[in-house]
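Student: What follows is a single structure, and I will ask about it in a moment.
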Amino acid sequence: MANISVTGASCRLEPSLTADAIRLGSLSAVSPPALERLIAELPEPPWDVELAPDDDLLGDLLAAGFEQYAEADVLARSLEGSRTNPPPPGVKIGPYRNDWSEPFAEAEERAMAESAFYAEMAAPTGYEQADHLTGFFAATAGTEVLGFIQATLPQGWINWFGVVPEHRRRGIGRALLSEVVSAAREARGTHLAGIVASESARAFFAAERFEVRNRRLLLIRRS
């Protein structure tokens, strides 16, 4: 969006993928006063920041009114050796359609209720009208949406993924992931990756042979 720079501090303003906020990307500040000078030049909050747990900026950001809303792992795996997982009987997997917006919004609310990311996003999130996005698939049974996944291709970055609680452990998540694997291969991608903040998501991706690449903290300042 824009680069902001003052003496001793700078950042790049970006849309946040995990919060209803402006992401302060590539944030640097040599001192608390430098950080405050930068903050004075920013547009209206909320702002969020993603950084490593050992980043020297963490204490300064907390002192400046930011608070942590998630501790997340960045996970990744190669497409090589990926298995094909068909959906369970009675469930269809296909490209998402905007005319599913109402059942999708209901499914999204239930599927993401425990997500720290969803809690920081304004509802509606925008995915309910986003059939133009790459790698966006839904699992349906009749008129009901049971799960969904969306990934940026060919990079293979998984942005949004969930299955409603009462339909978990049926293979729907694995079937949705298979659709993204196929789409990534068709787009000549080589890997899948994503950021997860819940233990259930970590367990799912570990079972699918994703490995932790690094840990990130997500902080937000709302006012």
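The values are calculated or read from the model by the stated rules, or taken from the named source; none is laboratory data. These figures come from a predicted structure and were not determined experimentally. Every residue, glycine among them, receives a Cβ derived from its backbone with ideal geometry; neighbour counts consider all protein chains shown.
Student: Applying the selection to segment 23-66, what residues are under 14 Å from Phe117 (Cα atoms) and either in the same structural domain as Ala122 (by TED's automatic domain parsing) or among the β-branched types (Val, Ile, Thr) (or both)?
Tutor: Correct list: Val49 only.
Student: Looking only at strands (runs of 3 or more DSSP E) that fall completely inside segment 28-96, which ones have 2 or more residues that are within 28 Å of Arg213 (Cβ to Cβ)?
Tutor: Values: elements: 47-51, 67-78, 92-95.
Of the strands (runs of 3 or more DSSP E) lying wholly inside segment 28-96, those with at least 2 residues that are within 28 Å of Arg213 (Cβ to Cβ) span 47-51, 67-78.
Student: So, one more: Within segment 174-182, identify whether any single residue is small (Gly, Ala, Ser), modelled with pLDDT of 95 or more and in contact with a His (Cβ under 8 Å, 6 or more places away or on another chain), and answer yes or no. If you could, list the steps in order and put the result at the bottom.
Tutor: Looking only at segment 174-182, we keep the residues that are small (Gly, Ala, Ser), and these are 175, 178, 182.
Cutting the leftovers down to modelled with pLDDT of 95 or more gives us 175, 178, 182.
After this cut, where a residue has to be in contact with a His (Cβ under 8 Å, 6 or more places away or on another chain) as well, the list is none.
Taking every residue of segment 174-182 in turn, none turns out to be small (Gly, Ala, Ser), modelled with pLDDT of 95 or more and in contact with a His (Cβ under 8 Å, 6 or more places away or on another chain).
Student: Which is on the phi < 0 side of the Ramachandran plot and in contact with a helix residue (DSSP H, G or I) (Cβ under 9 Å, 6 or more places away or on another chain), of Ala116, Ala130, Ala122?
Tutor: Working: Ala116 fails: in contact with a helix residue (DSSP H, G or I) (Cβ under 9 Å, 6 or more places away or on another chain); Ala122 fails: in contact with a helix residue (DSSP H, G or I) (Cβ under 9 Å, 6 or more places away or on another chain).
Result: Ala130 is the single residue among Ala116, Ala130, Ala122 that is on the phi < 0 side of the Ramachandran plot and in contact with a helix residue (DSSP H, G or I) (Cβ under 9 Å, 6 or more places away or on another chain).
Student: Suppose we keep only residues that are among the small types (Gly, Ala, Ser) and not in a loop (DSSP other than H, G, I, E, B) within segment 8-27. Which one would you say is nearest to the chain's Cα centre (by Cα)?
Tutor: Kept after step one, since they are among the small types (Gly, Ala, Ser), are these residues of segment 8-27: 8-10, 16, 19, 21, 25-26.
Checking which are not in a loop (DSSP other than H, G, I, E, B) leaves us with 9-10, 25-26.
Details: Ala9: 27, Ser10: 24, Gly25: 15, Ser26: 18 Å.
Step by step, filter segment 8-27, then rank; the result is Gly25.
Student: Name the residue, out of Asp48, Asp131, Asp73, Asp56, that is of a type in the set (Asp, Glu) and over 22 Å from the mean Cα position of the chain (by Cα).
Tutor: Details: Asp48 fails: over 22 Å from the mean Cα position of the chain (by Cα); Asp131 fails: over 22 Å from the mean Cα position of the chain (by Cα); Asp73 fails: over 22 Å from the mean Cα position of the chain (by Cα).
Going through Asp48, Asp131, Asp73, Asp56 in turn, the sole match is Asp56.
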